[in-house]
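Let me begin by presenting the structure, written as structure tokens, before commenting on it.
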Amino acid sequence: MKKVKSGTKGITLISLVITVMVLLILASIGTYSGVETVKSSKFTAFSAGLKIMQTEVNSWYQKSLTDGTVGDKTGTDILSLGTELSTVQEQVNKVFTAGESGITDTTGYRYFNNDLVKQLGVEGVDGDFFINISKRSVVSYEGMEYEGKTYYTVDSLPDGFYNVEYNGNSGLVTFDVKATQTSDENYRVTISNIKYDGNINKWYVQYKKEGSDSWSTVDDLEFTVIEAGRYVIRLYNGDVAGEQEVKVGREKVFTEESYIGWYADLNNDGQITLEEDGIIYADQEIGGSGQCTDADGTYTIPQKENVKEYTIISETSTLDPFNTGKGIIQLAGESSAEDRFYVMTLQDIDNNQHQWYGMAWTKMTDYATATSGDFGTGKTNTEAMIAKRDKGSVENGGYGAKNPDDMWGLIKTEVSEGWFVPSRGEWSTFAQELGIPIDYASMGLSYRYWSSSQKDTSRVYLSAFGYAYMSYDERWRV
């Protein structure tokens, strides 16, 4: 018989049971961890697919604005890609609810199955989608459940996905943004100098044009837009966010705002000079009416729809003789549409006083039809009076012999360049809309100016800024 030495350790039944239990526990932990890794990998792939699809849809939208091509569609026809939602109505009813995708309005959405997505050249994406190209909105057909929630859109993805590193801090991020025009007449927007008191290595970038309800998503701090205008740039990661506005190119003048008081760069040299340019005193896109002092100062600015387009080249003007604090605009390009603005020159033709038409005294018997006092008639009045003076005698259709000091003979060069003598209504509009004060001289204006509108057989209207009214007193006869 063998002896057993005191203190020697053997394996008892109890220790064996404990060992088995520990092994079982360790095995279950390993299995659970493996399942979670698989789930996380699938959700990462799902998130990446949504990101790719979102980027593609942003591109499709841009192409729809510039006659680009996607598949067999060009320009605005790109918006009709996909099929009607009625083909998958049951799934539509499930997804487009507040409790699922959070989107309830299906207007503009189309169904894209995975075969179509691949036909359109989109790689690395599995699954079907509901897409609204005009809103740049992508919704997963089935979504993906992860940690108790089902996700359908890029915007709904949790922190840590969409290739974002997030450290859990919250606060405000500041950054610089600039836009430069590229050789293909697009605009490159660059985000730089990001400042945030935390540890974030990857930022989530969105942008939208002012007035738009839809954000576009990009995955770089540098991206391209094709339209000039004002943009809002949003940089964020979780609760950390910051926004900046950037002016891209020369934005078009808005149709819903009046630009009275802005300066017109008439020779398109990018600056305002007294000799070449003017100030806007009437906006025919907006229209309007008013009265400058007495009844002779009434005016109506017509409202027109088909007008030329203009661009803003500066929000301020270094030269601001009328103290409006407004900027500079210029014509966007040649167009057959009507002029939108009425512009007054910033400098007189000369500093001398001239006769209206010296020999016309008592001879203007057709004054009621030869010229008009209404807004918008200054150009035709001017042309009519130059023609009258050129005809000379009453027998030839004029008002009498020419006088070298008649203003109609002194402004022909300016008239050939598009300028004209304002009518009574146009002078009234100028004075009232710009609020010409009694100290008119501070704006570079003279005391009196002739209008192109006749009052009777011997008198014409003139503006009298010193008294702020339209005058036709006999002292100021032709």
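The values are calculated or read from the model by the stated rules, or taken from the named source; none is laboratory data. Bear in mind the structure is a predicted one, so any value in this text is a computation, not a measurement. So basically every Cβ, Gly included, is an ideal-geometry build from the backbone, and we count neighbours across all protein chains shown.
If a residue must be closer than 11 Å to Asn132 by Cβ and assigned to a helix (DSSP H, G or I), how many such residues does the stretch 77-98 contain?
2
Going residue by residue through the stretch 266-283, is there one that turns out to be buried (at least 17 other Cβ atoms within 10 Å of the Cβ), at pLDDT 85 or above and more than 25 Å from Ala464 (Cα to Cα)? Spell out how you get there, then give the answer.
Pass one, the stretch 266-283, residues buried (at least 17 other Cβ atoms within 10 Å of the Cβ): 266, 272, 277-283.
Retained after the next criterion (residues that are at pLDDT 85 or above): 266, 272, 277-283.
Those left that are additionally more than 25 Å from Ala464 (Cα to Cα): 266, 272.
The answer is yes; a qualifying residue exists.
Kindly indicate the residue of the stretch 183-200 that is exposed (fewer than 11 other Cβ atoms within 10 Å of the Cβ) and hydroxyl-bearing (Ser, Thr, Tyr) and also modelled with the lowest pLDDT among those meeting that condition. Walk me through how you get there before you give the answer.
Going residue by residue through the stretch 183-200, those that are exposed (fewer than 11 other Cβ atoms within 10 Å of the Cβ) are 183-185, 192-193, 195, 197, 199.
Subset that is hydroxyl-bearing (Ser, Thr, Tyr): 183, 192.
Values: Ser183: 68, Ser192: 86.
Checked the stretch 183-200; the qualifying residue modelled with the lowest pLDDT is Ser183.
Would you check which residues across the stretch 208-228 are within 13 Å of Arg188 (Cα to Cα), touching a Lys or Arg at 6+ places or on another chain (Cβ under 7 Å) and part of a strand (DSSP E or B) and list them?
Glu222, Thr224 - these are the residues of the stretch 208-228 that are within 13 Å of Arg188 (Cα to Cα), touching a Lys or Arg at 6+ places or on another chain (Cβ under 7 Å) and part of a strand (DSSP E or B).
Kindly check whether there is at least one residue in the stretch 306-318 that is charged (D, E, K, R) and surrounded by 12 or more Cβ atoms within 10 Å (Cβ to Cβ). Don't jump to the end; show me each part of the working.
So the first thing to find is which residues in the stretch 306-318 are charged (D, E, K, R), and the list is 308-309, 315.
Now drop any that are not surrounded by 12 or more Cβ atoms within 10 Å (Cβ to Cβ), which leaves 308-309.
Yes, because at least one residue in the stretch 306-318 is charged (D, E, K, R) and surrounded by 12 or more Cβ atoms within 10 Å (Cβ to Cβ).
Residues to consider are Trp427, Trp419; find the one that is touching a residue at least 40 places away in the same chain (Cβ under 8 Å) and surrounded by fewer than 21 Cβ atoms within 10 Å (Cβ to Cβ). Show your work before the answer.
On the way: Trp427 fails: surrounded by fewer than 21 Cβ atoms within 10 Å (Cβ to Cβ).
Selected residue: Trp419, the only one of Trp427, Trp419 that is touching a residue at least 40 places away in the same chain (Cβ under 8 Å) and surrounded by fewer than 21 Cβ atoms within 10 Å (Cβ to Cβ).
Can you name the condition, by its number, that Met344 falls short on among (1) crowded, with 19+ Cβ neighbours inside 10 Å; (2) in a helix (DSSP H, G or I)?
Against the list (1) crowded, with 19+ Cβ neighbours inside 10 Å; (2) in a helix (DSSP H, G or I), Met344 comes up short only on (2).
From the set of residues in the stretch 119-158 that are charged (D, E, K, R) and in contact with a Gly (Cβ under 7 Å, 6 or more places away or on another chain), which is farthest from Asp72 (Cα to Cα)? Please lay out each step first, then the result.
Initially, the stretch 119-158 is screened for residues charged (D, E, K, R), giving 123, 126, 128, 135-136, 142, 145, 147, 149, 155.
Now restrict to residues that are in contact with a Gly (Cβ under 7 Å, 6 or more places away or on another chain): 126, 135, 142.
On the way: Asp126: 22, Lys135: 21, Glu142: 27 Å.
Only one residue fits best here, namely Glu142.
Would you tally the residues in the stretch 56-70 being surrounded by fewer than 17 Cβ atoms within 10 Å (Cβ to Cβ) and touching a residue at least 12 places away in the same chain (Cβ under 8 Å)?
Qualifying residue count for the region: 2.
Anything in the stretch 374-396 that is part of a helix (DSSP H, G or I), more than 46 Å from the chain's Cα centre (by Cα) and surrounded by fewer than 20 Cβ atoms within 10 Å (Cβ to Cβ)? List them, or say none. Lay out the reasoning, then the answer.
Taking the stretch 374-396 first, the residues part of a helix (DSSP H, G or I) are 378-391.
From the residues that got through so far, the ones that are more than 46 Å from the chain's Cα centre (by Cα) too are 388-391.
Asp390, Lys391 - these are the residues of the stretch 374-396 that are part of a helix (DSSP H, G or I), more than 46 Å from the chain's Cα centre (by Cα) and surrounded by fewer than 20 Cβ atoms within 10 Å (Cβ to Cβ).
Looking at this structure, is Thr55 outside any strand (DSSP E or B) and closer than 21 Å to Val225 by Cα?
Values: outside any strand (DSSP E or B): yes; closer than 21 Å to Val225 by Cα: yes.
Yes; evaluated as a whole, the condition is true for this residue.
Look through Tyr342, Tyr399 and report the one residue that is in the same structural domain as Thr293 (by TED's automatic domain parsing) and more than 29 Å from the chain's Cα centre (by Cα). Let's see the steps before the verdict.
Numbers: Tyr342 fails: more than 29 Å from the chain's Cα centre (by Cα).
Being in the same structural domain as Thr293 (by TED's automatic domain parsing) and more than 29 Å from the chain's Cα centre (by Cα) holds for just one of Tyr342, Tyr399, which is Tyr399.
Restrict the check to the stretch 354-373 and report whether at least one residue is farther than 24 Å from Ser463 by Cβ, free of Cβ contacts under 8 Å to residues at least 60 places away in the same chain and part of a helix (DSSP H, G or I).
Checked the stretch 354-373: no residue is farther than 24 Å from Ser463 by Cβ, free of Cβ contacts under 8 Å to residues at least 60 places away in the same chain and part of a helix (DSSP H, G or I).
Please state which one of Thr87, Thr106, Thr97, Thr83 is surrounded by 15 or more Cβ atoms within 10 Å (Cβ to Cβ) and over 20 Å from Gln62 (Cβ atoms).
Numbers: Thr87 fails: surrounded by 15 or more Cβ atoms within 10 Å (Cβ to Cβ); Thr97 fails: surrounded by 15 or more Cβ atoms within 10 Å (Cβ to Cβ); Thr83 fails: surrounded by 15 or more Cβ atoms within 10 Å (Cβ to Cβ).
Within the list Thr87, Thr106, Thr97, Thr83, the selection yields Thr106.
Here's a check for you: in the stretch 99-135, which residue that is in contact with a Ser or Thr (Cβ under 6 Å, 6 or more places away or on another chain) and part of a loop (DSSP other than H, G, I, E, B) is modelled with the highest pLDDT?
So the residue we want is Gly108.
Could you list all residues from the stretch 397-416 that are surrounded by 14 or more Cβ atoms within 10 Å (Cβ to Cβ) and closer than 16 Å to Tyr367 by Cβ?
Within the stretch 397-416, Gly398, Tyr399, Gly400, Trp408 meet the criteria.
For the stretch 201-216, name all the residues that are modelled with pLDDT of 85 or more and either exposed (fewer than 14 other Cβ atoms within 10 Å of the Cβ) or hydroxyl-bearing (Ser, Thr, Tyr) (or both).
Tyr207, Ser216, listed by residue number.
I'd like the full set of residues that are of a type in the set (Asp, Glu), within 14 Å of Ser452 (Cβ to Cβ) and modelled with pLDDT under 95, limited to the stretch 380-413. Lay out the reasoning, then the answer.
First, the residues of the stretch 380-413 that are of a type in the set (Asp, Glu): 383, 390, 395, 405-406.
This time we only want the ones that are within 14 Å of Ser452 (Cβ to Cβ), so: 383, 406.
If the condition is that a residue be of a type in the set (Asp, Glu), within 14 Å of Ser452 (Cβ to Cβ) and modelled with pLDDT under 95, then Asp406 is the only one that fits.
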